[in-house]
Structure formats: structure tokens, C-alpha cells
Amino acid sequence: MNPMPLLRGEGLGKTYVTPVLSGVSFDLYAGEVLALTGENGAGKSTLSKIIAGLTEPTTGRLMLGETPYAPASRHEAERLGVRMVLQELGLVSTLTVAENLLLDHLPSRSGFIRRNELNELARRQMATIGLDYIDPRTPVGELGVGHQQMVEIARNLVGDCRLLILDEPTATLTSREIEHLFTQIAALKARGVGIIYISHRLDELAQIADRVMVLRDGRHIDTRPMPEMTQDDIVRLMVGRDVREELDRPRRPAGKEVLSVRGLSRGKAVQDVSLSLHAGEVLGVAGLVGAGRTELLRLIYGADHADAGDIFLDGSSTPAHISSPVSAVRQGIGLVTEDRKAQGLLLTQSIRVNTTLANMAAVFRKGWWQPASERQQVGALRDTLAIKAYSIEQPVGELSGGNQQKVIFARWLHRDCKVLLLDEPTRGVDIGARADIYAQMDKLAAAGKGLLMVSSDLRELMSVCDRIAVMSAGRLVSIFERGQWTQHNLLEAAFSGYLGTGNAQPEAGSQH
Amino acid sequence: MSDMTSKSVSPGFRSTLRGALGNYIGLVIALVAMVALFGSLSEYFFSVSTFVTIANDIPAIAIMAVGMTYVLIIAGIDLSVGSVMALAAAVAGIAMVQWQWPLYLAIFVAMGVGLLAGALNGIISVAWCLPAFIVTLGMLEIARGSAYIATGSRTQYIGGAIEWLSSPMLGGVSPAFIMAIAIVIGAHLVLTRSVFGRYMIGIGTNEEAMRLAGVDPRPIKVAVYAILGLMAGLAGIIQASRLEAADPNAGIGAELVVIASVVIGGTSLMGGRGSVISTFFGVLVISVLEAGLAQVGASEPTKRIITGCVIIVAVILDMYRERRRNRRS
């Protein structure tokens with residue numbers, strides 16, 4: 001390892017209302033991948049934003065090589081070769097891939113863009129990350145989220161890059177794209193670029209990180225070479241206590257049928273799916289991205305309309321009429337959406353407002369608000385779910401991902417649904433909050449609710465569910481009982497629908 | 001510690017009062033400053049006639065601004081209010097002058113016309129998912145044209161039968177003014193205390209999230225536009241009572257004054273945030289400005305330039321206030 005670090009941080013701290021980062025020191029050497037990990041709210045994002053010039057530290061300083069480094073803006077940081085790929089995409093969806101890649105230095109002659117040169121430059125840039133099969137003339141909005149993420153990464157590799165920060169880059173990538181990304185990271189390392197890699201995915205860190213740095217509650221806990229750490233070590237450092245995954249818990253006793261789906265179809269996305277869900281069980285739905293899992297939940301919830309098939313509730317022999325989410329909720333079904341920010345929450349509104357949204361009758365009498373009663377009900381739910389916030393009046397947009405998800409759980413607890421549809425309920429949720437959410441699901445099952453849970457994390461499904469249904473290419477291919485499944489046979493089933501067609505799009509989460 | 005105590009006890013009257021003052025203090029200060037400024041510039045400003053002018057100016061705009069606040073809260077817009085007001089007044093004028101209908105029936109008809117126009121705005125934009133801007137722009141033309149046809153493009157003189165609505169009673173305020181105040185208070189309670197109000201704020205914040213939480217946004221949106229139409233109908237009657245006539249040219253550009261008042265009051269054009277009380281202060285700011293500038297002898301062009309500046313400055317100040325509030329929390 002070089003004696004002179006590429007970037008050195010000394011005693012970095014950041015205080016908004018309370019300190020979110022305090023006294024963090026680290027070294028980053030040229031040509032290494034330093035993994036930055038920790039629970040949500042541990043200070044990873046704040047630290048990386050300071051380095052990328054998006055925010056200024058309250059205390060401490062940075063040295064880039066031998067010179068003090070205090071970028072006032074992202075632009076200034078980029079000029080010095082420090083770049084960050086943001087979690088939120090910063091692409092202009094109506095412009096083409098090529099225009100996005102070269103947005104701040106479009107090749108032009110007297111103000112007019114030189115198309116051919118632009119597209120050729122872009123093509124070369126995309127080729128370096130193995131995406132030469134994407135036409136640079138494609139508008140970005142027509143690409144899938146995974147490809148957009150790759151374009152975002154490619155954009156940051158244009159021009160001088162000495163230090164690259166990747167913030168959860170693989171969250172939306174397919175395994176093939178992840179492979180390309182890792183190859184590209186290796187190439188950057190060889191060029192002497194220092195890389196800070198932020199991720200929850202510990203198996204990825206094992207693959208590409210040289211050293212791993214763990215933050216907890218804004219403090220630096222430890223930095224050690226990756227080979228010296230097991231995944232358990234990292235988790236223990238992140239959480240500060242042992243988190244045991246109960247992979248072989250007993251199956252929950254299942255009661256009577258609460259939901260039954262017969263022959264449900266919608267186009268090619270969902271084809272002839274039948275399953276039944278019982279009171280007191282958690283039924284997992286595994287599958288690759290695009291297998292039709294989210295679409296299935298939306299059909300059951302009435303958010304989309306089925307071409308064919310019936311839904312039966314409470315073991316009734318007459319099909320339930322679920323024409324919209326309104327009627328689904330009225331009949332006791334709730335949905336925790338995949339994209340909680342866009343589809344689940346009113347971000348600028350308080351925890352209180354978000355919690356009682358689906359069950360206004362409980363906090364309004366004859367159409368008029370009962371403030372004391374609402375505060376009491378929401379306060380109780382906040383305590384039950386251990387939602388971390390300074391008050392129930394805090395806007396949910398200010399909460400961490402885990403706490404936001406808990407607010408949505410609180411909403412459906414408040415509504416008291418008998419069937420809860422969960423779409424990736426722990427995506428972007430840190431390990432501590434995840435444990436709280438699993439515990440809550442356990443309680444709901446114990447209280448006789450039926451839970452239908454979609455997840456891309458097979459380990460999660462295997463630890464939480466009583467049965468796992470596997471979807472592949474729109475069809476439900478098999479249902480495994482607890483004890484019958486292995487990671488291998490679940491994955492095999494998930495791929496089965498794509499065999500021979502050559503268009504399998506395996507996703508990140510299935511690769512554990 | 002303090003969080004624990006405030007959580008178990010319901011927030012006291014004092015903190016509620018502090019919150020209320022905090023919300024309106026900027027607007028109140030601006031109003032007081034304007035009154036002081038105009039008072040020092042013109043010796044006639046503190047007079048009964050100024051007061052009457054302002055009190056007469058307010059009701060029609062205030063009533064429409066209340067409805068517009070709702071529309072902006074659900075992230076909508078309605079450009080047709082001025083025309084709908086004129087159409088409602090025209091129909092009421094015809095009813096009273098040509099058909100000899102009594103006033104209360106004319107009020108009923110005017111409000112019905114407004115309700116119909118507003119409901120159409122809502123139904124069309126919801127059913128075809130059209131931008132409200134376009135639909136209400138169309139309604140602006142349709143209603144204005146209808147007003148001309150109904151009146152034969154001539155002002156209908158109604159006379160004394162309608163005048164009392166805008167004439168000062170005991171204490172110098174008119175029935176219209178009292179009506180406006182009552183509507184402001186009622187609408188404020190609906191917004192802050194009713195299910196309907198909660199749903200409006202939710203829809204303005206994230207319509208899709210509301211739908212997936214099991215709340216159908218469509219009837220609520222239609223109702224909001226219908227309410228604004230109803231308010232425009234009522235404003236038409238009040239406008240007619242001030243002029244003692246139904247003028248088919250009345251209320252041209254009124255939609256802009258109404259939207260400006262709401263925005264000065266701090267309601268967001270992006271939806272999800274707004275207050276009826278603040279809107280009322282916004283209406284006061286505009287009408288005090290109008291009357292004050294007239295008093296100090298400003299020309300019509302100058303008045304318009306100054307009014308324009310006040311609108312922009314008010315929104316900039318509101319933005320800073322909101323930022324400070326966000327930082328504090």
C-alpha cells in the first residue's frame with residue numbers, strides 16, 4: 001500500500017440539528033476499493049456527500065494528496081477528479097444516452113451539436129462498461145432503471161476521475177450488469193483510481209472491497225482489510241449486537257383460507273396464477289425482476305385490472321369483486337408498495353397524517369377531526385413499531401428508509417387488514433429496522449392475518465416465510481413448503497420459465 | 001424530556017395560539033406596515049371611505065380565493081373563475097330583470113350555474129386525465145361567451161332589489177362581507193378538521209399514494225372544482241349587487257387577482273400546502289394595496305407594476321419562511 005493516501009479525512013463531523021457524523025478519520029489509497037458500510041442513518045451518505053462537495057463538514061478537514069481539499073460544490077469536486085454516482089438518478093430522461101453522457105461538454109461547432117462525433121464518443125464510453133449493445137441515440141427514459149443506473153455510472157467516468165464514490169450502485173442492476181460494473185471497477189483500480197463503495201450487500205463487498213470501513217451512529221467503528229472480516233463480523237460491527245438469522249424456525253400453524261386466487265392473468269406479465277393464502281402464515285413470492293410478482297400483487301389489490309381469473313376472500317365460493325384499491329381496502333386487503341416514496345408516502349406530511357390515511361373513520365367522528373384521539377392512536381403505533389422520530393408531527397420525508405417503511409406498516413396496522421400484500425418490504429431498510437419489521441410480520445401472522453410477501457432477497461424469504469411460491473416469466477411455477485426448499489431449487493424454479501428463450505434477466509437479489 | 005411530556009399531554013392553548021400567530025405573523029406585519037405607510041403618505045387614508053372601498057372590494061374576491069385555495073391545495077388550477085362569475089351574474093340578472101324572479105331564487109340559480117361550470121371543469125379533467133390548466137382555460141372562453149349570449153352583450157340593470165347585499169348595515173359592514181367572513185371560517189374548519197380537508201392535502205401531496213392507500217381521489221377532485229364554481233356563482237351575485245347590474249364584462253382578469261391573493265397567502269402551487277386564513281390575509285394585502293395606491297394618486301400603470309412586484313416579493317419571502325421552518329424541524 002502506498003505510504004501517501006489519495007484522500008485523508010481527519011476528524012470529520014457534520015451537525016444538522018443533532019450530529020449525524022462525528023470525528024470520522026480515514027485514509028483512502030490510490031487503486032483500492034474502500035467499502036463503506038453501516039445501517040441507514042449511520043452517516044455513510046453524509047460522509048460521501050462531504051467528499052463529493054455536496055455538503056460541507058462542520059468540523060474536521062480533508063486532504064487530497066498533499067493539498068487541503070474543501071470542495072464548495074459538486075462541480076469543484078469533479079474538477080479535481082472526485083466524482084460520485086448518486087443513488088437518485090440525475091439523468092434527463094427526454095435526452096439521449098449520448099447527450100446525457102456528455103451533457104456538460106457536448107461536441108459542437110459554432111453552437112450546433114456534432115451528432116456523429118457525439119454518438120461515437122458515447123458509444124466508446126458505453127463500451128468501457130460493456131454496454132455497447134445500447135444505442136447511444138436512445139432516449140434515457142426508454143431504458144430500464146438498471147440501464148439508466150449504468151448510464152449514470154458511465155457519465156461519471158467521462159474525463160478525469162481520481163476518486164469515485166459509488167452509493168449502492170447495484171440496487172437496481174441485474175447480475176450481468178453487476179458483473180460489468182465489477183470488471184469496470186477492477187479496471188479503474190488498475191488505473192490507480194481510489195474507489196469508495198457504499199453498500200448493504202455484504203456478499204458484494206467480499207467480492208470487490210480491499211478494506212471495509214464500518215460506521216455506526218455517525219461514528220467510525222472500525223476499518224480492516226476485507227479478508228480479515230467475515231460477514232458476521234461486519235454485521236456485528238454495524239449493529240453493535242448479534243443479529244441471528246433464524247433460517248430454521250418452525251412453520252407457523254396455518255388457519256383457514258383468507259385469500260384464494262384462481263387463474264389470474266393480465267397480458268404476458270401474469271399468466272394463469274393460482275394460489276391460496278391462509279390465516280397466520282407468511283407466503284413468500286420469489287422470482288427474478290420482471291417475473292410478474294409486483295404485477296400479481298397489483299392485480300390482487302385492484303390497482304390493475306385482470307384479463308381473467310377470480311379472487312376469493314375468506315374461503316367464500318363466490319368471487320370477490322375488487323375493482324380498485326378502494327374496494328380492496330374496504331374488503332380488508334392492504335398493500336405495502338415497492339416504491340414507498342412515490343407510491344406509499346405523503347413525504348411532506350407528518351407521521352400522524354401518513355399513519356391514519358387508510359382508516360380515517362377511526363380519527364374522525366361524523367367527518368370531523370378528533371385530534372387527541374388521533375395523537376393517542378398514532379403515538380401508540382409509533383411505540384409499537386419503535387419508529388425513530390422526534391415527534392409524530394415530523395414529516396416522513398425526513399425519516400430514514402427503515403422508519404419510513406415502519407410508518408407504512410403502522411398505516412396498515414391502524415387499518416387492521418386481514419390480508420397484507422408486501423412488495424419488497426425491506427428494500428433500502430437497514431438491518432436493525434429490518435429485524436423490527438420481521439418481528440412485526442411475526443406478530444401479524446400470530447394474530448391470524450395472512451401475509452403475501454414479494455422479495456428479491458432469497459435469504460430473507462427463506463428466513464421469514466412459511467411457504468415460498470416461485471414465479472418465472474409470468475407464471476407461478478412451484479410452491480415450496482418450509483423444509484423443502486433450498487437456495488438451489490428456488491433459483492432453479494425462478495429461472496425455469498426463461499430456459500431456452502435466452503432472455504433471462506437475473507437480478508441482484510437472487511444471487512446470494 | 002420535554003418531548004415526553006408534550007407527547008402525553010395534549011398541546012395546550014398557548015402553544016396552539018403561538019402556532020397560529022407564527023403562521024400568520026408575516027402577513028399581519030406586512031398588512032400593518034402597508035396601512036402605516038399609506039396612512040403616512042395620505043391624510044385621507046384613515047377615513048371611512050377608504051374602509052368602505054376595501055370592505056366592498058373584498059367579499060367577491062375573498063369568496064373565490066377560498067375555493068381557489070382548495071384547488072391549489074390539490075395541485076390544480078382554475079382559470080375560469082372570472083368568466084364563471086360573470087356568467088352566473090348574467091343569468092341571475094336575466095332572471096330578476098326579464099323573468100321578475102325574487103332575489104333568493106336568483107341567488108340559487110347563480111350558484112347553480114357556478115356549480116355546474118365548476119363540476120364540469122372537474123369531471124372533464126378527471127375523466128380524461130387532462131391538465132386543469134387547459135380545461136379551465138377552455139371554460140374561461142365558454143363561460144364568457146355564454147355570458148355575452150345570455151345578456152345580448154348588454155349590461156342588465158337590476159336596481160335596488162339586489163343592492164342591499166353590498167350596502168353597509170349596523171357597524172358599517174355589508175351582508176356580503178359577513179358572508180365572506182363566514183365562508184372563510186367555515187372553509188378553514190373544513191380544511192383543517194374534516195376528512196375532506198385531510199384528503200385534499202393528501203391528494204395534493206401524492207395522488208398515487210392516496211389511491212394505493214384506498215382513497216379514490218377522483219370524486220374529491222371533482223368536488224373541489226365544483227366548490228370553487230359554487231363560490232364563483234356566489235361572487236357573481238355579490239359583484240352584481242355592487243354594480244346593481246349584471247355586466248357581461250365583469251371579472252375579466254379576476255382569476256389572476258384571485259390566484260395572486262392565494263399565493264400571497266402562502267399556498268403552494270405545487271399542492272399539498274395551504275391555508276384559508278392566510279388566503280384571506282392575501283386578499284386583504286391586495287385590496288389595501290389597491291386602495292392605498294389609489295389614495296396616494298398612483299396611476300393605473302404604476303399600480304399594476306407595484307402590485308406585480310408585491311406578488312413576487314411575497315412568494316420569495318414565503319419561500320424563505322418555509323425553508324427556515326424546515327430547518328428548524
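Values quoted throughout were computed directly from the atomic coordinates according to the rules given, and no laboratory measurement underlies them. Nothing here was measured: the structure is a model prediction, and the numbers come from that model. Here the Cβ is made from the backbone with ideal geometry for all residues, glycine too, and neighbour counts use every protein chain on show.
Scan the range B:173-196 residue by residue and report those that are in contact with a helix residue (DSSP H, G or I) (Cβ under 7 Å, 6 or more places away or on another chain) and more than 21 Å from residue B:251 (Cβ to Cβ).
Going residue by residue through the range B:173-196, those that are in contact with a helix residue (DSSP H, G or I) (Cβ under 7 Å, 6 or more places away or on another chain) are B:173-177, B:179-180, B:183-184, B:187-188, B:190-191, B:195-196.
Of everything in the range B:173-196, those that are in contact with a helix residue (DSSP H, G or I) (Cβ under 7 Å, 6 or more places away or on another chain) and more than 21 Å from residue B:251 (Cβ to Cβ) turn out to be B:173, B:188, B:190, B:191, B:195, B:196.
Suppose the filter is part of a helix (DSSP H, G or I) and surrounded by 18 or more Cβ atoms within 10 Å (Cβ to Cβ); does residue B:182 pass it? Taking the combined requirement at face value, the residue does not satisfy it.
Applying the selection to the range A:364-375, what residues are facing chain B (nearest Cβ under 9 Å) and out of contact with any strand residue (DSSP E or B) (no Cβ under 9 Å at 6 or more places or on another chain)? Reasoning before the result, please.
Of all residues in the range A:364-375, those facing chain B (nearest Cβ under 9 Å) come to A:364, A:367-369, A:371-372, A:375.
Once the filter is applied, which keeps residues that are facing chain B (nearest Cβ under 9 Å) and out of contact with any strand residue (DSSP E or B) (no Cβ under 9 Å at 6 or more places or on another chain), the range A:364-375 yields A:371, A:372, A:375.
Looking across the range A:390-443 at every residue that is aliphatic (A, V, I, L, M), in contact (Cβ under 8 Å) with a residue 60 or more places away in the chain and within 14 Å of chain B (Cβ to nearest Cβ), the one that is nearest to residue A:238 (Cα to Cα) is identified as A:407.
Look at (1) in contact (Cβ under 8 Å) with a residue 24 or more places away in the chain; (2) basic (Lys, Arg); (3) away from every other protein chain (no Cβ under 13 Å) and you find that residue A:382 fails only one, number (3).
Can you find even one residue in the range B:212-223 that is among the hydrophobic types (A, V, I, L, M, F, W, C), away from every other protein chain (no Cβ under 14 Å) and assigned to a loop (DSSP other than H, G, I, E, B)? Steps first, answer last, please.
First, the residues of the range B:212-223 that are among the hydrophobic types (A, V, I, L, M, F, W, C): B:212-213, B:215, B:220, B:222-223.
Narrowing further to those that are away from every other protein chain (no Cβ under 14 Å): B:222.
Add one more test, that the residue is assigned to a loop (DSSP other than H, G, I, E, B), and what stays is none.
No: zero hits.
Can you say whether residue B:147 is more than 14 Å from chain A (Cβ to nearest Cβ), touching a residue at least 24 places away in the same chain (Cβ under 8 Å) and either assigned to a helix (DSSP H, G or I) or touching a helix residue (DSSP H, G or I) at 6+ places or on another chain (Cβ under 9 Å) (or both), as far as the supplied structure shows?
Considered against the rule, which asks whether it is more than 14 Å from chain A (Cβ to nearest Cβ), touching a residue at least 24 places away in the same chain (Cβ under 8 Å) and either assigned to a helix (DSSP H, G or I) or touching a helix residue (DSSP H, G or I) at 6+ places or on another chain (Cβ under 9 Å) (or both), residue B:147 comes out as yes.
Would you be able to say whether some residue in the range B:199-209 is within 14 Å of chain A (Cβ to nearest Cβ), surrounded by 19 or more Cβ atoms within 10 Å (Cβ to Cβ) and outside any helix (DSSP H, G or I)? Yes.
Of all residues in the range A:65-82, those that are at positive phi have Cβ atoms under 8 Å from Cβ atoms of residues that are surrounded by 10 or more Cβ atoms within 10 Å (Cβ to Cβ) and of a type in the set (Asp, Glu), 6 or more apart or on another chain, in A:81/A:160.
Answer yes if at least one residue in the range B:224-238 is within 14 Å of chain A (Cβ to nearest Cβ), assigned to a helix (DSSP H, G or I) and touching a Phe, Trp or Tyr at 6+ places or on another chain (Cβ under 8 Å), and no otherwise. Give the steps one after another, and end with the answer.
Here is the first cut: in the range B:224-238, the ones within 14 Å of chain A (Cβ to nearest Cβ) are none.
Scanning the range B:224-238, I find no residue that is within 14 Å of chain A (Cβ to nearest Cβ), assigned to a helix (DSSP H, G or I) and touching a Phe, Trp or Tyr at 6+ places or on another chain (Cβ under 8 Å), so the answer is no.
When residues in the range A:6-30 are screened for being among the aromatic types (Phe, Trp, Tyr) and either crowded, with 18+ Cβ neighbours inside 10 Å or within 11 Å of residue A:65 (Cα to Cα) (or both), 2 of them pass.
Of all residues in the range A:311-348, those that are within 7 Å of chain B (Cβ to nearest Cβ) and β-branched (Val, Ile, Thr) total 4.
Could you pull out every one of the strands (runs of 3 or more DSSP E) wholly within the range A:145-227 that has 2 or more residues that are more than 20 Å from the chain's Cα centre (by Cα), touching a residue at least 24 places away in the same chain (Cβ under 8 Å) and surrounded by fewer than 19 Cβ atoms within 10 Å (Cβ to Cβ)? I'd like the intermediate steps shown before the answer.
Numbers: elements: A:163-167, A:194-198, A:211-216, A:219-225.
In the range A:145-227, the matching strands (runs of 3 or more DSSP E) lie at A:219-225.
Is there a residue being assigned to a helix (DSSP H, G or I) and either surrounded by 19 or more Cβ atoms within 10 Å (Cβ to Cβ) or among the charged types (D, E, K, R) (or both) anywhere in the range A:310-318? Give the derivation first.
Quick first cut of the range A:310-318, residues assigned to a helix (DSSP H, G or I) only: none.
No, because not a single residue in the range A:310-318 is assigned to a helix (DSSP H, G or I) and either surrounded by 19 or more Cβ atoms within 10 Å (Cβ to Cβ) or among the charged types (D, E, K, R) (or both).
Only one of the numbered conditions (1) hydrophobic (A, V, I, L, M, F, W, C); (2) surrounded by fewer than 16 Cβ atoms within 10 Å (Cβ to Cβ); (3) in contact with a Lys or Arg (Cβ under 8 Å, 6 or more places away or on another chain); (4) at the interface with chain B (Cβ under 9 Å from one of its Cβ atoms) is violated by residue A:360, and that is (2).
With more than 14 Å from chain B (Cβ to nearest Cβ), in a strand (DSSP E or B) and aliphatic (A, V, I, L, M) as the only criterion, which of A:288, A:277 stands out? Steps first, please.
Numbers: A:288 fails: in a strand (DSSP E or B).
Every option except A:277 fails the conditions.
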